[in-house]
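We did not get these values from a lab; they are worked out from the coordinates using the rules stated. This structure is a prediction, so every number in the text was calculated from the model and none was measured. Don't worry about glycine lacking a Cβ; one is built from the backbone with ideal geometry, like all the others, and counts go over all protein chains shown.
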Amino acid sequence: MDRVSYITEKINLIKKRIGATKLVAVTKYATIEDAKTIYYCDHYDLGEARVSQLQERSQEFYASSMDKIRWHFIGNLQTNKINRLLKIPNLYAIHSIDSKKLLEGIYDRIDLFEGYQLRFYVQIKTSEEHEKSGVENYDQLSQIVNYILAHPHAKLKFQGLMTMGAIRTENFKVDAVTSFKKLAKIRNKLLKDYDLNQDFELSMGMSNDYQLAIDSGSHLVRIGQALFPEKE
């Protein structure tokens, strides 16, 4: 089976499996041709983890008049790269707001964003893995939410919360579900404590654990590896 047929079959299969759950096709390890194949399957939500690669790919898509694309930034974001990220055409969402300082930087520079509205998710650390970043407790999250509610902006929408399940563990399924259910509880507490819309989402689940995430209440999954053939 050629690559185009493989990717087309995989994305259609996964979308059928996940039903109403939203899919971000993560293309950070894919070629630009593979990323375009996703687009030609009439799937327009693509995720990238590095600002430099997202810049390059957005320019390539823009030059090809692929203007239905919705770019999701899913990687660690440094404050010195906010300007570059906000200027990217068709930027749709940022999934990795891991501190109040980073969010303040985005609010301060949102005039650089030329789109209609930029959605963002606050990243929560729900496992003990040291390499993962994110807000570590409810008090920190409350400070962020209070800041958001005190600074309403037409170009910014607090879309939800994001997390990643534990990877380096001997009890992969158990620990992944623990992370996902922890985030779901935090969402429920936020909805109770603050005046947030019921469409407030959970972005959780990747190629190896997306079904566990959906079963735990995820509204959006970020899948990459499962969509593409293994590298030769």
Could you identify which residue out of Val174, Val135, Val145 has the top mean-square fluctuation in a GNM of the chain using Cα springs shorter than 10 Å? Val174
At a 10 Å Cβ-Cβ cut-off, how would you order His95, His219, fewest neighbours first? His219, His95
Looking at Ser5, Ser127, Ser203, which one has the Cα that reaches farthest to the positive end of the dipole of the stretch 3-227 (charges on Cβ: Lys, Arg +1; Asp, Glu -1)? Ser5
Loop-located chymotrypsin sites (Phe, Trp or Tyr not before Pro) in the stretch 12-84, at most 15 other Cβ atoms within 10 Å (DSSP): Tyr29
For Met66, project a label point 7 Å along Cα to C-beta. Then give me every residue of the stretch 1-31 with its amide nitrogen under 18 Å of that point. 3-12, 23-31
Ranked by Cβ crowding within 10 angstrom, fewest neighbours first, how are Phe158, Phe180, Phe172 ordered? Phe172, Phe158, Phe180
What's the long-distance tail for the chain, i.e. % of Cα pairs beyond 33 Å? 14 percent
Taking N as its residue count, the alpha carbon Rg of the stretch 66-158 over 2.2 N^0.38 Å: 1.08
Leu149/Tyr44 FRET efficiency (R0 25 Å; Cβ-Cβ; nearest 0.05): 0.25
Treating only the Cα positions of the stretch 1-63 as identical point scatterers, give the base-10 log of I(q)/I(0) from the Debye formula at each q in 0.16 Å⁻¹. -0.53
Counting only C-alpha contacts under 8 Å and six or more residues apart, can you give the relative contact order of the chain as a whole percent? 20 percent
Considering only Cα-Cα distances, which of the following residue pairs are longer than 25 Å: Lys125/Lys192; Lys16/Lys192; Lys15/Lys125? Lys16/Lys192; Lys15/Lys125
Would you mind checking the stretch 65-84 for residues with the amide N under 17 Å from a putative spin-label position 7 Å along Cα→C-beta of Lys101? 76-83
Placing each pseudo-label 7 Å from Cα in the direction of the beta carbon, Asp215 and Phe200 end up separated by a distance in nanometres of 2.7 nm
